[in-house]
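First the structure, in the form of structure tokens, and then the observations on it.
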Amino acid sequence: MPIFMDRHFLEGTSAADVAQAHRMDLDIQDKYGVKFLTYWFDQRRGTAFCLVDAPDAETAQCVHREAHGFVAAEIVEVALSAVEAFLGRIHDPEPAPGQSSAQVDPGHRAILFTDIVGSTAMTSRLGDRIATEMVRAHDSIVRRCLSQNSGREVKHTGDGIMAAFAATTAAVECAMAIQREFERYNGGNTEPIHIRIGLDCGEPVEDSNDLFGSTVQLAARLCAAASSDQILVSENIFREYGAADLFAHATRRRFKGFSKPMLVFGCKWADAGVN
């Protein structure tokens, strides 16, 4: 059966109420031949997302309608591999030791892209073998920083990495750590590696009816627009990080796929203190 993710607008609803609604879905799911795998709830934004294995979208909606009446505002078909890559799980999380229930995950994610500057020219100048070693050095640095900052690699792009973070602060800290690591690397190597980074954040189901559709697109566009050794972030990242003095040079830029100019901020990573 296909896998669907739906979005509910539940402003004013508590986490306990949403947890109870999920249990009510589980109680009657067999009647409709569906399986509710897990859910996410963001109380601050008043949104909930359910992941369900169902024959079609309407059958999944029928369970919600009968169980508790919280019918989804929208529902899209998704790939389990994409859900797990971005959100980190496809089943209800296990409670931590000593907890009666697992902490509710809001499902909000920050997306980070890295890109090696001038990778095509680097391959032409150094040859395939050396260029491949340079990419491996990039991968090693980025993956180490992801591990240290609770980031999850979503995919390798050939000359960069796409990653997801549950916390916006962790994503920004990771981006700065990556640039610092490359600064150190370049100080001790005759062949430097310069990278650019782009960051945006958002919710799982976007207007494009794809998992993190516009969030991924904007993060990629920001990465492509960044200069060598630069981090560009979206207005969403700027607002959620909460440290205005870390960002500068706010400009509005037009990006392919976006109808309106987007507010873009540069991250002053070189001036930021190292934790």
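The values are calculated or read from the model by the stated rules, or taken from the named source; none is laboratory data. None of the values given here were measured: they were computed from a predicted structure. Glycine gets a Cβ as well: all are built from the backbone with ideal geometry, and neighbour counts include every protein chain shown. For accessibility, only protein heavy atoms count, side chains too; no ligands or nucleic acids. Shrake-Rupley method; radii C 1.70, N 1.55, O 1.52, S 1.80 Å.
Checking Tyr185 against (1) aromatic (Phe, Trp, Tyr); (2) more than 17 Å from Gly88 (Cα to Cα); (3) crowded, with 17+ Cβ neighbours inside 10 Å, only one condition comes out false. Which one? It is condition (3) that Tyr185 fails.
Among the residues of the range 116-125, is any modelled with pLDDT of 95 or more, of a type outside the set (Gly, Ala, Ser) and either out of contact with any strand residue (DSSP E or B) (no Cβ under 9 Å at 6 or more places or on another chain) or open to solvent by less than 60 Å² (accessible area, probe 1.4 Å) (or both)? The answer is yes, given that some residue of the range 116-125 is modelled with pLDDT of 95 or more, of a type outside the set (Gly, Ala, Ser) and either out of contact with any strand residue (DSSP E or B) (no Cβ under 9 Å at 6 or more places or on another chain) or open to solvent by less than 60 Å² (accessible area, probe 1.4 Å) (or both).
Table: residues versus (1) open to solvent by less than 20 Å² (accessible area, probe 1.4 Å); (2) over 24 Å from Gln217 (Cα atoms); (3) within 24 Å of the chain's Cα centre (by Cα).
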site	(1), (2), (3)
Ala15	no, yes, yes
Pro55	no, yes, no
Cys62	no, yes, no
Ile75	no, no, yes
Ser81	no, no, yes
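Consider Phe265 carefully, then state whether it is modelled with pLDDT of 95 or more and not in a loop (DSSP other than H, G, I, E, B). Yes: the conditions hold for Phe265.
Output the residues belonging to the range 196-249 that are surrounded by fewer than 24 Cβ atoms within 10 Å (Cβ to Cβ), aliphatic (A, V, I, L, M) and touching a Cys at 6+ places or on another chain (Cβ under 9 Å). Passing the criteria: Leu246, Ala248. Filtered by the rule that a residue be within 21 Å of Ala131 (Cβ to Cβ), open to solvent by 50 Å² or more (accessible area, probe 1.4 Å) and touching a residue at least 40 places away in the same chain (Cβ under 8 Å), the range 155-182 gives Lys155, Thr157.
Report yes if some residue within the range 46-53 is open to solvent by less than 20 Å² (accessible area, probe 1.4 Å) and either in a loop (DSSP other than H, G, I, E, B) or in contact with a Gly (Cβ under 6 Å, 6 or more places away or on another chain) (or both); otherwise report no. Checking the range 46-53: at least one residue is open to solvent by less than 20 Å² (accessible area, probe 1.4 Å) and either in a loop (DSSP other than H, G, I, E, B) or in contact with a Gly (Cβ under 6 Å, 6 or more places away or on another chain) (or both).
To keep it simple, each residue is scored yes or no on (1) in the same structural domain as Glu153 (by the TED database); (2) in a helix (DSSP H, G or I).
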residue	(1), (2)
Tyr39	no, no
His64	no, yes
Phe70	no, no
Ser81	no, yes
Thr120	yes, yes
